[in-house]
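Colleague: Pasting a structure here, questions to come.
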Amino acid sequence: MSEPDPTAGVYTISVAAELAGLTVRSLRLYEQHGLLQPNRTTGGTRRYSQDDLRRLRRITELVADGVNLTGIGKILDLEQDTRELRSDNTALRVDNARLQADREPPGRRERAGPDSEPARRRTSRHSPTDGRRNQSSRPG
């Protein structure tokens with residue numbers, strides 16, 4: 001028997017509350033504040049997923065830290081945004097490495113591994129004539 005999809009709503013509100021160590025009233029309150037959005041059956045019964053239970057554990061941690069429900073909503077949104085941005089960034093790095101590898105001459109391509117970073121063009125901060133640091137590259 002395999003594990004259910006983590007997004008599949010399989011737990012009733014009373015089971016989810018018990019698993020999370022919370023009251024049914026708390027789950028309804030969190031839903032009212034937009035912190036949870038459990039699946040619903042055609043009859044309107046709430047069904048909580050493993051992802052919902054993980055979110056409830058995070059909410060419980062934040063409540064214990066003294067964060068109010070509005071703050072919790074903002075934190076959860078920012079955490080989700082961060083996960084999505086990291087995933088996008090990873091995908092872009094992979095695409096960039098592939099594109100850089102495609103641009104390299106065939107002789108150099110075999111030496112670079114699939115996980116190696118693309119070669120970066122280096123620019124000197126020194127003037128070719130006076131040997132001093134280029135003043136325009138300094139901040140301020």
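Only the coordinates and a few stated rules stand behind these numbers; no lab work does. The structure presented is a predicted model; accordingly, all values stated were derived computationally and were not measured. Cβ placement follows ideal geometry from the backbone for every residue including glycine, while neighbour counts extend to all protein chains displayed.
Colleague: I need the calculated FRET efficiency for the pair Glu31 and Thr90, taking r as the beta carbon distance and R₀ as 30 Å, to the nearest 0.05.
Modeller: Rounded to the nearest 0.05, the efficiency is 0.40.
Colleague: Taking the Cα centre of segment 13-104 as origin, work out the dipole magnitude from +1 charges on Lys and Arg Cβ and -1 charges on Asp and Glu Cβ, in debye rounded to 20.
Modeller: With Lys and Arg at +1 and Asp and Glu at -1, about 360 debye.
Colleague: What ranking of Thr7, Thr42 emerges when the number of other C-beta atoms within 10 Å of each C-beta is taken as an exposure proxy, fewest first?
Modeller: Starting with the residue having the fewest Cβ neighbours, the order is Thr42, Thr7.
Colleague: Bin width 5 Å, origin at 0, all Cα-Cα pairs of segment 13-104: what percent of pairs per bin?
Modeller: Percent of Cα pairs in each bin: 3, 12, 19, 18, 13, 9, 7, 6, 5, 4, 3, 1, 0.
Colleague: Set the Förster radius R0 to 41 Å, insert the Cβ-Cβ distance between Arg58 and Glu104 as r into 1/(1 + (r/R0)^6), and round the FRET efficiency to 0.05.
Modeller: The value I calculate is 0.40.
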